[in-house]
Amino acid sequence: MSEPNIVPLIDVLLVLIIIFMVITPSIPQGLDARIPQPTPPPTQLENDVPLAAIVVQVTASGNVLINRDKTSWDGLGARLEDIFKQRAEKSAFVKGDDSVQFADVARAIDIMRGAGVENVGLITANIQAGQ
């Protein structure tokens, strides 16, 4: 009675195990994602800079608001630099009225990035409505 030779089968299995052991660490494990955090209750700093999120709003009339405080296009960068000097998290949002040209919103984003804001988010009507 003859027996099958299983040595080649074992060799093939060992090679496959080695291949899978080498490939497994290089497979991406996932993507980094930021999830929204609940906003802390707004408190004031020494110079009346709120700790809540900073929202730069571009209005239809061409005005620029930082958390409902009116500012000019020329003073926007300096005001944002003053605000973010005291903050560890350099995140802000841009909101444009419906009739505002995107060029104005892009200009605000450019000024914000120049002022040291690392993460700039956009607020749309759907986000504001909670959808």
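Proximity of backbone amide H atoms, modeled 1.01 Å from N, is registered between residue 121 and 92, 93, 94 at under 5 Å, excluding neighbours fewer than 5 places apart on the same chain.
Shown are 124, 59, whose ranking by accessible area with a 1.4 Å probe and every protein chain present, most to least, is 124, 59. Using the average count of surrounding beta-carbon atoms within 10 Å as a protection proxy, the listed peptides 81-90, 3-12, 104-113 rank, highest first, as 104-113, 81-90, 3-12. Here the Karplus curve 6.51 cos²θ - 1.76 cosθ + 1.60, taken at θ = phi - 60°, turns the phi angles of region 101-110 into couplings of 5, 5, 4, 5, 5, 5, 4, 5, 4, 4 Hz, with x standing for Gly and Pro.
The values are calculated or read from the model by the stated rules, or taken from the named source; none is laboratory data. These numbers were taken from a predicted model, which means no experiment stands behind them. No Cβ is skipped: glycine too gets one built from the backbone with ideal geometry, and neighbour counts run over all protein chains shown. Surface accessibility is based on the protein's heavy atoms, side chains included, excluding ligands, DNA and RNA. Shrake-Rupley method; radii C 1.70, N 1.55, O 1.52, S 1.80 Å.
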